[in-house]
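Undergrad: Mind looking over this structure? Questions follow.
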Amino acid sequence: MKKFLIVIEKAESNYSAYSPDLPGCIATGSTIEETEKNMYEAIEFHIEGLVEDNIPVPESTSVAEYVVLQ
C-alpha cells in the first residue's frame with residue numbers, strides 16, 4: 001500500500017488537485033469529494049503508466065501541516 005499527499009484547491013468554478021510527489025498527476029471536479037475521487041483514479045492511472053514504462057514509483061515524502069496564527 002502506498003500513501004500520497006494530495007492538495008485540493010478551489011478554482012473559479014471547480015476544484016483542482018495535485019500530488020507533490022507525482023509531478024504531472026492532476027485532477028479536477030465540481031466538488032471536493034468528486035475531485036478527491038478523480039485524483040484517486042488519476043494516481044492509479046499514473047502509477048500504472050510508470051510501472052508499464054519501468055519507471056520507479058516515487059516514494060511519498062511530502063507532508064502537510066496547518067500553521068495557526070493568533
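Undergrad: Ratio of alpha-carbon Rg to the 2.2 N^0.38 Å globular estimate for the chain, to two decimals, please.
TA: 1.22
Undergrad: Taking Lys10 as the anchor, which aspartates and glutamates have their alpha carbon closer than 16 Å to its alpha carbon, excluding any fewer than eight residues away along the same chain?
TA: Straight-distance partners of Lys10: Glu33, Glu34, Glu36.
Undergrad: Take every Cα pair under 8 Å in the chain that's 6+ residues apart, average their separations, divide by the length, and report that relative contact order as a whole percent.
TA: 27
Undergrad: Between 0 and 90 degrees, rounded to the nearest ten: what's the tilt of helix 32-52 against the longest Cα principal axis of the chain?
TA: Its long axis makes an angle of about 20 degrees.
Any read-out appearing in this document is the output of simple, stated calculations on the displayed coordinates, not a laboratory observation. Since this is a predicted model, take the numbers as computed values, not measurements.
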